[in-house]
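Novice: For reference, the structure I am asking about is given below.
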Amino acid sequence: MTSGGIGRSISAWAAGALALFGGAAWANPEPNQLNMTKGAAEWSPYAMHMVALWVCVVIGIVVFGAMFIAMFRFRKSRGAVAEKWSHSTKLEVVWTVIPVIILIFLAHLATGGLTSFADTTNSEMTIKVTGYQWKWRYDYVDYKGKGVDQVGFISKLEETSDRTRQLKSNLDPDKIKVDGYNTYLLDVDKPLVLPTNTKIRFVIVGGDVIHSWWVPALGWKMDAIPGIANAAWTNIKEPGVYRGQCAELCGQDHGFMPIVVKAVPRAEFEQWLATQEDEAKVQKAAQTAQTVPAQAPQG
Amino acid sequence: MAHAATHDHHDHHGAPKGFFQRWVMSTNHKDIGTLYLIFSLTMFFIGGAFAMVIRAELFKPGMQLVQPYFFNEMTTMHALVMIFGAIMPSFVGLANWMIPLMVGAPDMALPRMNNLSFWIMPFAFILLLSTLFMPGGGPAGGWTMYPPLSLQGESIAYTIFAVHLMGISSIMGAINIIATILNMRAPGMDLLKMPVFVWSWLITAFLLIAVMPVLAGAVTMLLTDKYFHTNFFNAAGGGDPVLFQHIFWFFGHPEVYIMILPAFGIISEIIPTFSRKPIFGYRAMVFAIASIAFLSFIVWAHHMFAVGLPMGAEIFFMYATMLIAVPTGVKVFNWVSTMWGGSMTFETPMLFSIAFVILFTIGGFSGLMLALAPADFQYHDTYFVVAHFHYVLVTGAAFSIMAAAYYWLPKWSGNMYSETWGKIHFWSSVISVNVLFFPQHFLGLAGMPRRIPDYNVAFANFNMISSIGGFWFGASQLIFLGVVIHCVFFSKKKAADRSWEGAKGLEWTVPSPAPFHTFDVPPVIHDDELAHGNTEH
C-alpha cells in the first residue's frame, strides 16, 4: 500500500469514526447510535460532554497503560523480585495536583454551561408543560409579549404504538414508521408546535406524580413536580420533528408517554397559532351557546 | 438455668453440636459471619433472578413477557434486594469473620447483639419479598421510593417496615464493628497499623450510624403521609415532594459509599499479597477513605440536578462532587504503584482485584461526567446512569466481594478452591459483565430513559447484546456457587495456615480452617508480621 493509500484509508476511518462519535447531527435516536446528539437548539451540553469524555479517555489510557506495563514487567514468572519501597511524597503530590488542575478546567466549562442554562430572561414566548399519568398537557401562555387565548391540549401516545405495546399483541414494532423513521413509542397524537429562532421559556409542573420532560435534541430534561413550577428555556435553530420521552419513573405507563416537538419557521407558527386561537373561540362560543339554553329554564 | 449458662460460657472446645444451637443461637463471630455470607449469596441469586426478568423483557422491542407494572416491581425489588440484601450483608459478613482475626480479638465486642443483627435480616426480607405474592403486588415506585408515586402503591407499609428492620440491623452491626475495632485490638495493634480493610470498615460503620436513622425518618414520614394524613411530601397539603429527595439522598449518597469503601479495603489487602510488596502510601490510602466519607455528606443533590435546584446549589453540589475524584484518583494510583515493582502472580482473587481497579475506574469516569451538571441534564435518568452505577456496584462492590471470598475461603474452610474453575468463573464473569453493561452507555447517550419496559426500535441492537451479556453473567455466577460448594465440602487440597505466599497479617497466623475460638490470649504483635506494620515512617 502506498503512503497515499494509507493516508486515504486513515482519513476514511477517521470520517467513519467521526460519524460514529458525533459528526452526524442526530436529532432523534438512530439504530446503533453511540453518542449523545449535538442537538438542534442554541444551548447544548454536547461540547462539554465531549471534552469530559476525552479527558476520561486520556486519563484511562495513561492509568490502564501503566497497569498493563506493570502486569507484564513485574510478574513472578518472569523472575521479578519485589522491591521494598512503599511511599513517595513527591509522586503523591503530583497525582493530587494534576487532577485538581483538570477538575478546575472542567468546572470552569460546566459553570459557564449552567449560567447560560439558568438564564430564562428575554424569552419571547412561554409554554406551560404539565405531566400527568401518562400524558402531557401543553398550554400556550404568551407569544411576543401578548397573552395567547386558550390554546392548550393533551398530547399522548398515538394509537398504533399503543396497540402494539400491549402484552403479547403480536403486532410488529418495526412497522410503525413516519417518513421512513421508526416512531414506535416515540410518536404522539398531537405534537407541541414551536417556532424556530425564538427564545422559548418553559414552565414545567406535575399534575399528579413527578415526571420529567426530556427531548434530547433540546439538550436538557426538567422534572415536572406537583406544587413546584420549574423553568427552562430553548431556542431551536433547525426546523424539524424532535422526539423525547418522560424520564422520571411515574408508574406503570412511564415508558409510554412520549414527547414530540414540531419546530416550524416563525411565519408558519404564527399562522398555526392563529388557527388554534380561532378554533378555541369557536369552541368556546359553541359551549356558551349550549350552556345558556340549558340554564335558561332553571332561571 | 444459671448453671447451664455459665457452663456454656466456658466451653471453649468447639462449636455446639446441635444445629439450632450452633446456627440460630450463635454468638460466635465466625458462624455469624458465615450466616451473613450465605444469606447475602442467597439474596444475590434472588435479586439476580429479578434482573433476568428485566433483561428478558428488554430482549427485544414490544411487550412479550410481563405487564409494565410487574416490570416496575422487578426493577424496584432488584435494587432493594441487591443493595440491602446482597452487597451490604456480605460486607458485614466479611467484617464479622475477618475484623476480629485481623486485629487479634477473640470475638466481636457485642456477640449477642451480633446474633440479633443477623437474625433480623431474614425476617426483613421475608416481609419485603412476600409483597410480591399479595394482591396489589410489590413496591413499584423504584428503590428510591419517591413520593407521590410510591404512595400510590399498596405495599408501601411492608416495604417501610422491612427498611426499618434492615436499618436496625445495620446500625447494630455498625455499633458492634466500631466497638470491636476501638476496644478489642491486641496490644501493639495501633490504629495506624491496622489493615486497610479494618480502617475502611471503621469509617463505613460511622457512615452507617450517621445515615440509617435519616432513611428511617424519611420512610416514616412516607408512612404517616400514606396512613395518618400528614402532608410532609404532599404539595396539596403544603408539603414538598422534593423534600423527600433531599432527605433520601442525604442517606443515599453515603449509602453508596457504604457499599464501596469496604471494597477499597478488600482490594488494598489483596493487591499487596499477590504483588508481594507492601501497599503504596498506606496513610494516604486511609486518609483518602476518610476524605471520601466526609465528602459523601455534602454531595447528595447531584442525584437531583434535574429537579430544578437554584443555580447556586447546582454549582455547589457540582464542585463538591468533582472533588471526590481527587481522593478516589489517589487510591487508584496507589494500587497501580503497589503493583509496580512487585513480583506478581495472578490467582483468582488477584484477577478479580485487577478487574475491580480497571472497571471501577471506568465507573468513576462516567461518575465524573455525571458530576458535570449541564451534561447531567442529558445523562440523568438514562441508561448512561444505569451503566455507571452497575460498573461501580457490580464490577466494583460485587467483584471485590468475590475477590474476598476466593482470598479468604482457604482460611474459612481449610481447603483450597479449584483454581481452574475460579479462573473460568473470573473470565466468564468479566467478559459477560462488559457485554452486559458497556452497551448501556451507548443506549443512554442515544436517549433511552431508565426504568422503561419497552423501547423504540432504534435501541434494539444494544438491548439485545446487553440481555445476552446479562444471561451469560447470571449463568456464570452458578460457577461461583459450584466453586464455593466444592471448596467447602469436597476439595481434597488442604490449605496452609498462610494460604498465599505473599499474605501478611494476623489472620494468616491462625490455623486453616480458623478454629472456633481464636486469640483467646491476645497475640504478640511483630510489626514485620503485619500487612502494614512497618511500612510508613
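The values are calculated or read from the model by the stated rules, or taken from the named source; none is laboratory data. Bear in mind that the values here come from a model prediction, so they are computed numbers and not experimental data. Cβ: placed from backbone, ideal geometry, glycine included. Neighbour counts: every protein chain shown.
Novice: Please go through the range A:31-53 and pick out each residue that is assigned to a helix (DSSP H, G or I), within 8 Å of chain B (Cβ to nearest Cβ) and among the hydrophobic types (A, V, I, L, M, F, W, C).
Specialist: Matches in the range A:31-53: A:Met48, A:Ala52, A:Leu53.
Novice: Pick from the range A:54-113 the residues that are in a helix (DSSP H, G or I) and basic (Lys, Arg): which of them is farthest from the other protein chains (Cβ to nearest Cβ)? Spell out the reasoning first.
Specialist: Just the residues of the range A:54-113 that are in a helix (DSSP H, G or I), to begin with: A:54-73, A:76-78, A:89-113.
Right, trim to basic (Lys, Arg) and you get A:73, A:76, A:78, A:90.
Details: A:Arg73: 8, A:Lys76: 5, A:Arg78: 9, A:Lys90: 12 Å.
Here the residue is A:Lys90.
Novice: Here's something else I'd like to know. At least 3 residues that are modelled with pLDDT of 95 or more and under 30 Å from B:Met74 (Cα atoms) in each: list the strands (runs of 3 or more DSSP E) lying fully within the range A:218-277 that qualify. Walk me through how you get there before you give the answer.
Specialist: Details: elements: A:220-224, A:230-234, A:240-246, A:258-264.
The strands (runs of 3 or more DSSP E) meeting that bar are A:220-224, A:240-246, A:258-264.
Novice: Could you grab me the full set of residues in the range A:109-130 that are within 23 Å of A:Val51 (Cα to Cα) and β-branched (Val, Ile, Thr)?
Specialist: The answer is A:Thr111, A:Thr115.
Novice: Name the residue, out of A:Thr234, A:Thr160, that is on the phi < 0 side of the Ramachandran plot and surrounded by fewer than 17 Cβ atoms within 10 Å (Cβ to Cβ).
Specialist: Selected residue: A:Thr160, the only one of A:Thr234, A:Thr160 that is on the phi < 0 side of the Ramachandran plot and surrounded by fewer than 17 Cβ atoms within 10 Å (Cβ to Cβ).
Novice: So for the range B:416-430 (the condition being closer than 30 Å to A:Tyr181 by Cα and surrounded by fewer than 20 Cβ atoms within 10 Å (Cβ to Cβ)), does at least one residue qualify? Walk me through it before giving the result.
Specialist: Filtering the range B:416-430 down to residues closer than 30 Å to A:Tyr181 by Cα leaves none.
For the range B:416-430, residues closer than 30 Å to A:Tyr181 by Cα and surrounded by fewer than 20 Cβ atoms within 10 Å (Cβ to Cβ): absent.
Novice: Turning to a different aspect of this structure: If you go through the range B:293-320, how many residues are part of a helix (DSSP H, G or I) and facing another protein chain (nearest Cβ under 10 Å)? It would help to see each step written out before you state the result.
Specialist: Of all residues in the range B:293-320, those part of a helix (DSSP H, G or I) come to B:293-298, B:300-303, B:305-307, B:311-320.
Checking the rest, the ones that are also facing another protein chain (nearest Cβ under 10 Å) come to B:305-307, B:311-312, B:314-315, B:318-319.
Number satisfying all stated conditions: 9.
Listed here are the residues, each with its yes/no results for (1) of a type outside the set (A, V, I, L, M); (2) touching a Pro at 6+ places or on another chain (Cβ under 8 Å).
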residue	(1), (2)
B:Thr345	yes, no
B:Phe356	yes, no
B:Leu359	no, no
B:Ala373	no, no
B:Gln378	yes, yes
B:Tyr406	yes, yes
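Novice: So how many residues does the range B:227-248 have that are within 14 Å of another protein chain (Cβ to nearest Cβ), in contact with a helix residue (DSSP H, G or I) (Cβ under 8 Å, 6 or more places away or on another chain) and part of a helix (DSSP H, G or I)? Before you say what the answer is, go through the steps one by one.
Specialist: Kept after step one, since they are within 14 Å of another protein chain (Cβ to nearest Cβ), are these residues of the range B:227-248: B:231-246, B:248.
Next, from what is left, pick out any that are in contact with a helix residue (DSSP H, G or I) (Cβ under 8 Å, 6 or more places away or on another chain): B:231-235, B:239, B:241-242, B:244-246, B:248.
Narrowing the set further to residues that are part of a helix (DSSP H, G or I) leaves B:235, B:241-242, B:244-246, B:248.
So the answer is 7.
Novice: Where in the range B:325-426 are there helices (runs of 4 or more DSSP H), lying wholly inside it, with at least 2 residues that are within 11 Å of chain A (Cβ to nearest Cβ) and in contact (Cβ under 8 Å) with a residue 60 or more places away in the chain? Explain how you work it out, then say what you get.
Specialist: Working: elements: B:325-339, B:348-371, B:373-379, B:383-392, B:399-413.
Ranges flagged: B:325-339, B:348-371, B:373-379, B:383-392.
Novice: Would you check which residues across the range B:190-207 are of a type outside the set (Val, Ile, Thr) and surrounded by 23 or more Cβ atoms within 10 Å (Cβ to Cβ) and list them? Explain how you work it out, then say what you get.
Specialist: The first filter runs over the range B:190-207 and keeps only residues of a type outside the set (Val, Ile, Thr), leaving B:190-195, B:197, B:199-202, B:205-207.
Within the range B:190-207, B:Met194, B:Pro195, B:Phe197, B:Trp199, B:Ser200, B:Trp201, B:Leu202, B:Ala205 qualify.
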